[in-house]
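What follows is a short report on a single structure.
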Amino acid sequence: AALIFKGNINNLAPDYFQNEFYSNHYRWNNNFSMEQRMDAGGSIVSPAYKLKLSANYALINNYIYNNYDGIPSQTGKELLVLSAFADKDFNYRKLHFRTKILWQQVSDENYIHLPKLSAFASAYYKFVISKVMFTQIGVDTRYNTKYYADAYAPSTGLFYLQHEKKYGNYPFIDVYANLRLKRTRAFFKLSNIG
């Protein structure tokens, strides 16, 4: 098992298009300050148990975001993002099962929208057909709690905050088959069967 600590401090210059943009429908000329971000986190990794647990703390000053009108803005508020993550593999002979769970909390949801809980589960069965074709058949499932996901503005190519419709609280299920015969590979996938 290993215990890992990490942290960093970054000063990020605003993107060119966050400061200046001219088109038929949008125009802005901003002079944003540098975004300051401090991250600190730790992880426990256990290869013997195929387990990883981690937590992260992010403190953001001068956060640049795209407001509800799709225009870049900057807040002077100090934002805090807390997260905890678990990743675990289970194996029984040829059956494999992997789970990932992420919990996150934002100090002010007026500037950053994140789901409180996200989860991923993958189950697959590996076997060999006629001693030559390596086969993997599986199901991937993704889930997150309801939240106001960012909207997309094609005219600017930017994502921006919206508060009209919440997304989530239902699973995305993908079924797939992965086949390998010597150097030839084939991958078949049926997306979002739910």
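The values are calculated or read from the model by the stated rules, or taken from the named source; none is laboratory data. Bear in mind the structure is a predicted one, so any value in this text is a computation, not a measurement. Counting neighbours? That spans all protein chains shown, and the Cβs are built from the backbone with ideal geometry, glycine included. Accessible surface areas use protein heavy atoms only, side chains included; no ligands, DNA or RNA. Shrake-Rupley method; radii C 1.70, N 1.55, O 1.52, S 1.80 Å.
For this structure, a couple of remarks:
- Averaged per residue, the chain has 67 square angstrom of accessible surface, using a 1.4 angstrom probe with ligands and nucleic acids left out.
- A crude spin-label estimate for the pair Tyr49 and Leu12, with each label 7 Å from Cα along the Cβ direction, gives 3.3 nm.
- One decimal place: the segment Leu82-Phe120 gains 11.7 nm when fully extended, by the rule 0.36 nm per residue minus the C-alpha distance.
- Calculated FRET value between Glu20 and Asn61, using beta carbons and R₀ = 25 Å, to 0.05: 0.65
- Couplings 3J(HN,Hα) for segment 83-98, derived from phi with the Karplus relation 6.51 cos²θ - 1.76 cosθ + 1.60 (θ = phi - 60°), are 8, 9, 9, 10, 9, 9, 9, 10, 10, 9, 6, 9, 9, 10, 9, 10 Hz, where x marks Gly and Pro.
- When each of the peptides 119-130, 19-30, 70-81 is scored by how many other beta carbons lie within 10 Å of its residues on average, the order from highest to lowest is 70-81, 119-130, 19-30.
- Segment 109-129 versus segment 177-194: alpha-carbon centroid distance in Å: 20 Å
- Taking a straight line from the alpha carbon of Lys100, these lysines sit under 25 Å away, with near neighbours fewer than eight places off in the same chain left out: Lys6, Lys50, Lys52, Lys88, Lys116, Lys126, Lys146, Lys166, Lys189.
- Over segment 1-59, the ratio between the Cα radius of gyration and 2.2 N^0.38 Å evaluates to 1.87.
- Convex hull of Cα atoms in the chain, direction-averaged projection (nm²): 15.1 nm²
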